[in-house]
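The values are calculated or read from the model by the stated rules, or taken from the named source; none is laboratory data. Since we're looking at a predicted model, the values are computed, not measured. Here the Cβ positions follow ideal geometry from the backbone for every residue, glycine too, while neighbour counts run over all protein chains shown. For the accessible areas, the whole protein counts, side chains as well, though only heavy atoms, and no ligand, DNA or RNA atoms are used. Shrake-Rupley method; radii C 1.70, N 1.55, O 1.52, S 1.80 Å.
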Amino acid sequence: MNSARTLATAARVLRQLRHDPRSIALMLLVPCLMLFLLRYVFDGSPGTFDNIGASLLGIFPLITMFLVTSIATLRERTSGTLERLLAMPLGKADLIAGYALAFGLLAVLQSTLATGLAVWFLGLDVVGSPWLLLLVALLDALLGTALGLFVSAFAASEFQAVQFMPAVIFPQLLLCGLFTPRDQMAPALEALSNVLPMSYAVDGMNEVLRNPDITPDFVRDALVVAGCAVLVLALGAATLRRRTA
């Protein structure tokens, strides 16, 4: 990897995103809007929002970053931009790291907005530090970015990129413990949930929700989510093709 090439790639992606207000709105505003709606859906039962709000604070950024990253990357592949870039002295790792850095900066903004809205405006009752919520939300957004970069290598069109969402995101959403505790699932499903990163994202959020201090379980959950993001980014670099099929 070359840091100058990585930074140049990140700057180019950010310049392109600056001219795409719809993508920026999807990344920054949609998670906040979903949290706002959820709070007032459960207006008569604030405890329900407290129970699931922290979990969704980690899930929404992952989903939106997955969608935007996979579509944006595929758009560059189908237009031939990636092929031209890789014909230059630009390594695959430089390209993937540049994309991850650019979308990671947006993930910081997204996570900050969503966490601030939930805690200081919508009244999410958190026992632990809101900064730990922000950390997990940021790791989730980075994981969504990594997954989006990875699956874009296997899609031939933007429509196919969206089709990966039911295969990649929905099983994690159903098995992460949002709808029912994971230890109450069928043994096979519980075992499957134990290898899915979203499960650890939700567990990490719940640790902050219930404990005033950093717990060993929280550290484990945060490290698993971060490790999965790094692993998927490495897989994305390994599967990146120099030629568009």
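List pairs: first residue in the range 218-235 and open to solvent by 70 Å² or more (accessible area, probe 1.4 Å), second residue aromatic (Phe, Trp, Tyr) anywhere in the structure, Cβ distance under 7 angstrom, at least six positions apart or on different chains.
Correct list of pairs: Leu235/Phe150.
Among the residues that make up the range 67-81, is at least one of them of a type in the set (Ser, Thr, Tyr), in a helix (DSSP H, G or I) and at pLDDT 80 or above?
Within the range 67-81, one or more residues are of a type in the set (Ser, Thr, Tyr), in a helix (DSSP H, G or I) and at pLDDT 80 or above.
Within the range 107-124, can you find the residues that are under 13 Å from the mean Cα position of the chain (by Cα) and either in a loop (DSSP other than H, G, I, E, B) or modelled with pLDDT under 85 (or both)?
Those that are under 13 Å from the mean Cα position of the chain (by Cα) and either in a loop (DSSP other than H, G, I, E, B) or modelled with pLDDT under 85 (or both): Ala107, Val108, Gln110, Ser111.
Restricting the range 1-36 to residues that are more than 30 Å from Phe49 (Cα to Cα) and not in a helix (DSSP H, G or I), which is most open to solvent (accessible area, probe 1.4 Å)?
Met1
What tally of residues in the range 169-218 results from selecting those that are in contact with a Gly (Cβ under 9 Å, 6 or more places away or on another chain) and of a type in the set (A, V, I, L, M)?
Result for the range 169-218: 9.
Check Ala201, Ala167 and return the single one that is part of a helix (DSSP H, G or I), open to solvent by less than 40 Å² (accessible area, probe 1.4 Å) and out of contact with any Ser or Thr (no Cβ under 6 Å at 6 or more places or on another chain).
Just one listed residue meets the conditions, Ala201.
Of all the residues that make up the range 138-164, how many are more than 18 Å from the chain's Cα centre (by Cα) and assigned to a helix (DSSP H, G or I)? Steps first, please.
First, pick out the residues of the range 138-164 that are more than 18 Å from the chain's Cα centre (by Cα): 154-160.
Those still in the list that are assigned to a helix (DSSP H, G or I) too: 154, 158-160.
Looking only at that region, the number is 4.
May I ask you to verify whether Asp183 is open to solvent by less than 10 Å² (accessible area, probe 1.4 Å), acidic (Asp, Glu) and either at pLDDT below 90 or more than 18 Å from Leu231 (Cβ to Cβ) (or both)?
Taking the combined requirement at face value, the residue does not satisfy it.
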